[in-house]
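The values are calculated or read from the model by the stated rules, or taken from the named source; none is laboratory data. It should be emphasised that the depicted structure is a prediction, and the values quoted were computed from it without experimental measurement. Counting neighbours? That spans all protein chains shown, and the Cβs are built from the backbone with ideal geometry, glycine included.
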Amino acid sequence: MSLKNHYYYDESTCEFIPITYNRKEQVIYNLSIWILTGVVFAGIGIILLSTKIGSPSELALQAENEALYSQLESTKEAITSLDKQLEDIATRDNEVYRSILGLDEITIEERQAGIGGTNPYEEFDIYEESTADLLKWTASKIDNLERKIGIQNISFEEIKNQYNNNKEKLTHIPAIKPGSGILLSGFGLRYHPVLQYSRPHNGLDFRADIGSPVYATGDGVVKFAGRKGNLGRVVIIDHGFGFETLYAHLSTFGTDIKSGTKVLRGQEIAKSGNTGLVEGPHLHYEVHLNKRAVDPLFYLFADTSPEEYMMFRRISETNTNSLD
């Protein structure tokens, strides 16, 4: 860019005389114009970046917020899983512990125990809608879980007190696993591998190699020890209080295990096998209450962790085949 000619009026000659600039002045003028233009455009760029994109600190804060939102979404999945597990514990609490001990069930409404107020989480309304909704959901679920856990703790205290007052009865209730193997098939309608059609399966099938120990699951008296049709060698124990247990497909009976023998919970009563109509060696185990077959899974509470119980329950719900 070069300087344009400027003129001044010479009164003596009545003419416009052009003003001339030297090289130095020309360079200074050009530099000034470029610097001024650069400053103007830089200022405009900064304003646009700050307005449309954000400052570096704002960009860092935005990235942090996105990370926190993602973490909250992951937490949501964990909370949902915990809530489901707590519901399973509550179901087991009602159907097994409280039922066995003669305690009234705690209803769903009592376990929910709602929180007061029309909008207890209104402090989150200051955030954008998606974030506010996620924060409200998380806070609500955590409060709900805390209330459920509190009610469950109260229930366990009642169960403990009831247990202390009914220890004799509880030693007779079948409350442990009959062997050390993992569950293979559950209670209910199952496909028989040999007969090749579905029929009621009145017990649980546990993995057990031939010769594995089989244990009495509660104190009682042996009612039967011998062969019983498709079940092969069988031991039936009368535990009193309306409970009987059956152990099938055995290879041998334990020492002195015969009709009338008194046994204690955890005592070895037989060895597992593959007698009867079976696909392979395993232990078939049944629980009968008042002469009616019930799901033994509900009575595996004395030596089964919550994690193991949940695993057994998933197997029972998903495996549609039996081994006998």
Count - residues of segment 255-272 that are hydroxyl-bearing (Ser, Thr, Tyr) and modelled with pLDDT under 95: 1
Segment 222-254, residues that are of a type in the set (S, T, N, Q), within 22 Å of residue 192 (Cα to Cα) and at pLDDT 95 or above: 245, 251
Of the residues in segment 203-256, those that are assigned to a loop (DSSP other than H, G, I, E, B) and surrounded by fewer than 19 Cβ atoms within 10 Å (Cβ to Cβ) come to 209, 210, 211, 228, 241, 242, 255, 256
So which residues in segment 265-293 are in contact (Cβ under 8 Å) with a residue 60 or more places away in the chain and among the aliphatic types (A, V, I, L, M), if there are any at all? 277, 278, 283, 287, 293
Give 231, 250 a once-over and let me know the one that is touching a residue at least 60 places away in the same chain (Cβ under 8 Å) and out of contact with any Pro (no Cβ under 9 Å at 6 or more places or on another chain). 231
Does any residue of segment 181-200 turn out to be part of a loop (DSSP other than H, G, I, E, B), within 35 Å of the chain's Cα centre (by Cα), of a type outside the set (D, E, K, R) and crowded, with 19+ Cβ neighbours inside 10 Å? yes
Looking at residue 53 and the list (1) more than 30 Å from residue 312 (Cα to Cα); (2) at pLDDT 70 or above, which single condition is not satisfied? (2)
